[in-house]
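Quick note: the coordinates plus some simple rules give every number you see, no bench work behind them. Predicted, not measured: the structure shown is a model, and the values here were computed from it. A quick note on method: Cβ atoms are made from the backbone with ideal geometry, for glycine too, and the neighbour counts reach across all protein chains shown.
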Ligand code: NDP
């Protein structure tokens with residue numbers, strides 16, 4: 001039996017990048033998978049088709065993470081269509097880099113609504129369904145722990161906020177047998193941070209292993225944290241960054 005069979009997972013932002021890699025990996029481990037997206041319907045449906053080839057159920061749900069009602073409805077729909085919810089991966093996120101003097105209050109609200117408020121909304125809604133053995137995994141950033149250069153104040157703030165949320169939620173949910181952990185990726189080759197992008201050389205100069213990671217590198221950690229062997233791990237952060245923060 002596969003290690004996640006008889007389980008259902010919801011991954012926010014699963015149409016591309018790290019979220020798509022996590023969705024595919026959890027399906028390969030036997031989980032039924034729901035994923036959300038904002039715009040990329042065709043990409044989301046392509047991921048769903050690939051996932052179904054693993055012989056599991058899959059569905060894509062359009063849900064803008066900036067809209068907490070939409071996020072909560074996506075959780076309810078996952079439970080309704082997959083019949084259960086055991087694993088929530090809060091992956092959807094946006095980056096925004098500018099000098100602090102150029103950020104607006106609107107920028108602040110936007111980044112916090114997608115990167116933080118949606119994580120609360122999804123987790124809150126999922127608590128109706130998660131039982132003993134449930135897993136909540138947030139996707140943070142190595143920049144929650146160390147900001148190596150200018151421009152990332154609001155992004156780092158949003159990802160640091162998830163560290164506190166992870167720890168507090170772990171305390172609340174431990175007695176229910178639900179674990180809550182956070183993965184901090186370093187530079188991963190996606191649309192958000194392409195390995196041939198303008199700052200890629202700078203990012204490589206920070207790494208102990210001077211190569212971009214792949215979505216699969218992050219998905220491997222997510223699969224471990226989603227699985228039965230990680231039941232005694234909660235409130236913890238896992239940095240997968242090629243040694244960027246070393
Ligand atoms: P991408 O930009 O490549 O993909 C983002 C995914 O999130 C897409 O599926 C996108 O959906 C979805 N998404 C974005 N905004 C929203 C929204 N408002 N509502 C719903 N879905 C949304 O990002 P990555 O895969 O690189 O990043 C995934 C996570 O990893 C993020 O939280 C990011 O902060 C974090 N991270 C990434 C790093 C990197 O180097 N790539 C490093 C550290 C952390 P759609 O396709 O519809 O737009």
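Given the criterion more than 9 Å from the ligand (Cβ to nearest atom), part of a helix (DSSP H, G or I) and under 20 Å from the mean Cα position of the chain (by Cα), identify the matching residue among 163, 180. Working first, answer last.
Details: 180 fails: part of a helix (DSSP H, G or I).
Of 163, 180, the one residue that is more than 9 Å from the ligand (Cβ to nearest atom), part of a helix (DSSP H, G or I) and under 20 Å from the mean Cα position of the chain (by Cα) is 163.
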Failed condition for residue 64, given (1) part of a loop (DSSP other than H, G, I, E, B); (2) within 16 Å of the ligand (Cβ to nearest atom); (3) touching a residue at least 40 places away in the same chain (Cβ under 8 Å): (3)
Some residue of region 24-34 being near the ligand (Cβ under 10 Å from one of its atoms) and either free of Cβ contacts under 8 Å to residues at least 12 places away in the same chain or in contact with a helix residue (DSSP H, G or I) (Cβ under 8 Å, 6 or more places away or on another chain) (or both): no
Criterion violated by residue 15 - all others in (1) assigned to a helix (DSSP H, G or I); (2) in contact with a strand residue (DSSP E or B) (Cβ under 6 Å, 6 or more places away or on another chain); (3) within 12 Å of the ligand (Cβ to nearest atom) satisfied: (1)
Single residue of region 112-145 satisfying the filter (assigned to a helix (DSSP H, G or I) and near the ligand (Cβ under 10 Å from one of its atoms)) that is surrounded by the most Cβ atoms within 10 Å (Cβ to Cβ): 119
Selection within region 164-179 - closer than 26 Å to residue 96 by Cα and buried (at least 18 other Cβ atoms within 10 Å of the Cβ): 165, 166
Selection from region 19-43 of residues that are under 14 Å from residue 192 (Cα atoms) and touching a strand residue (DSSP E or B) at 6+ places or on another chain (Cβ under 6 Å): 19
Subset of region 101-111 that is part of a helix (DSSP H, G or I) and in contact (Cβ under 8 Å) with a residue 40 or more places away in the chain - its residue that is farthest from residue 163 (Cα to Cα): 107
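Can you tell me which residue is surrounded by the most Cβ atoms within 10 Å (Cβ to Cβ) among those in region 221-232 that are outside any loop (DSSP other than H, G, I, E, B) and in contact with a strand residue (DSSP E or B) (Cβ under 8 Å, 6 or more places away or on another chain)? Can you show your working first?
Within region 221-232, the first condition is being outside any loop (DSSP other than H, G, I, E, B), and the residues that meet it are 221-226, 228-230.
Imposing the further condition that a residue be in contact with a strand residue (DSSP E or B) (Cβ under 8 Å, 6 or more places away or on another chain) reduces the set to 221-222, 225-226, 230.
Values: 221: 21, 222: 30, 225: 23, 226: 28, 230: 18.
Filtering first and then ranking leaves 222.
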Test: residue in region 74-91 that is part of a helix (DSSP H, G or I) and near the ligand (Cβ under 8 Å from one of its atoms): no
Unmet criterion (only one of (1) in contact with a strand residue (DSSP E or B) (Cβ under 7 Å, 6 or more places away or on another chain); (2) assigned to a loop (DSSP other than H, G, I, E, B); (3) within 11 Å of the ligand (Cβ to nearest atom)) for residue 235: (3)
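Counting just the residues of region 146-159 that are within 13 Å of the ligand (Cβ to nearest atom) and more than 17 Å from the chain's Cα centre (by Cα), which one comes out nearest to residue 113 (Cα to Cα)?
Step one: of region 146-159, the residues within 13 Å of the ligand (Cβ to nearest atom) are 146-148, 152, 154-159.
In the following step, the residues that additionally are more than 17 Å from the chain's Cα centre (by Cα) were identified as 146-148, 152, 154.
Details: 146: 22, 147: 21, 148: 24, 152: 17, 154: 12 Å.
Among residues in region 146-159 that are within 13 Å of the ligand (Cβ to nearest atom) and more than 17 Å from the chain's Cα centre (by Cα), the one nearest to residue 113 (Cα to Cα) is 154.
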From the options 3, 43, 98, 57, residue that is within 22 Å of residue 158 (Cβ to Cβ), in contact (Cβ under 8 Å) with a residue 12 or more places away in the chain and more than 16 Å from the chain's Cα centre (by Cα): 98
Residue match in region 195-213 (condition: within 15 Å of the ligand (Cβ to nearest atom), within 23 Å of residue 67 (Cβ to Cβ) and either in contact (Cβ under 8 Å) with a residue 60 or more places away in the chain or not in a loop (DSSP other than H, G, I, E, B) (or both)): no
